[in-house]
1. Give the distance, in whole Å, between the Cα centre of the stretch 121-136 and the Cα centre of the stretch 139-167.
2. Please label the shape of the chain as rounded, prolate or oblate, based on the square roots a ≥ b ≥ c of the eigenvalues of the alpha-carbon gyration tensor (a/c under 1.5 means rounded; beyond that, a/b larger than b/c means prolate, else oblate).
3. If r is the Cβ-Cβ distance from ASN38 to ASP110 and R0 is 22 Å, what FRET efficiency results, to the nearest 0.05?
4. Report the antiparallel proportion of the DSSP beta bridges in the chain as a percent, rounded to a multiple of 5.
5. With the Cα gyration tensor of the stretch 108-161 giving a ≥ b ≥ c as the square roots of its eigenvalues, does the rule (a/c under 1.5 for rounded; else a/b larger than b/c for prolate; else oblate) give rounded, prolate or oblate?
6. Please list, or write none, the lysines whose alpha carbon is within less than 17 Å of the alpha carbon of LYS171, excluding same-chain residues fewer than 8 places away.
7. Tell me, in nm to one decimal, what length is gained between THR143 and LYS53 on full extension, where the rule is 0.36 nm per residue of separation less the Cα-Cα distance?
8. Given R₀ = 22 Å, what would the calculated FRET efficiency be for ALA155 paired with LYS70, taking r from the Cβ atoms and rounding to 0.05?
Amino acid sequence: MEKFKTAVILAGGKSSRMGFDKQLLKVNKKRVMEIMINKLKKEFDDIIIVTNKPELYIGSQYKIVSDEIKGKGPLGGIYTGLKESSSKYVYFIACDMPNINLDYIRYMKDTIKDLDVDACITKIGNKFRPEHLNAFYSRDLVTELEKLFLEDRRAIVYLTNRVNTFYVEEKDARKYSSNLEMFFNLNTKEDLDNYISST
């Protein structure tokens, strides 16, 4: 099994603050999802989209799947993505995070390739705010996730606190993204307008 073959885009959020489904976000008449896939294709052989609306992707050349266990939030998406993947480590990002930084992805790969870790995420700030997406998770976590579901624990932090997680320091992440824009989410129409004006 290859180590870093698969990338997963999580597209199952409720999009309540945006007012419409974020899977349909467009910038200059091009879907944000398509922009993200085109970037990820440069670094990953397999692209998986975990979505609550597979009908939006009819005819897609990529693997389209829905949450195997419903109602578990992002953890459910991570679980499904890991089960569907074909690599030891799987890269995860959300469909509203358009600023994909391939150099940083390569840095994370290089950092953990010879380590025996379960996840690689970035921690921001003195109060330890982990960025759980734009991150790698091991396929070996499937069993641990099933335990969390039985306990009805849905926050990703429950997972990363229980397993062998490698944390990238903020100062190292800023070498690749000085303003940390690679963790930016398009949550509101204002966010979208600001993003469009900056591209």
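1. 16
2. Judged from the Cα gyration tensor, the chain comes out rounded (a/c under 1.5).
3. 0.45
4. Just about 35 percent of them are antiparallel.
5. Note, shape of the stretch 108-161 comes out oblate.
6. LYS123, LYS127
7. Answer, rounded to one decimal: 29.8 nm.
8. It comes to 0.85.
The values are calculated or read from the model by the stated rules, or taken from the named source; none is laboratory data. No experiment lies behind these values; they were computed from the predicted model shown. Heads up, the Cβs are rebuilt from the backbone with ideal geometry, glycines too, and the neighbour counts pull from every protein chain shown. To get the accessible areas, we keep the full protein, side chains included, count just its heavy atoms, and leave off ligands, DNA and RNA. Shrake-Rupley method; radii C 1.70, N 1.55, O 1.52, S 1.80 Å.
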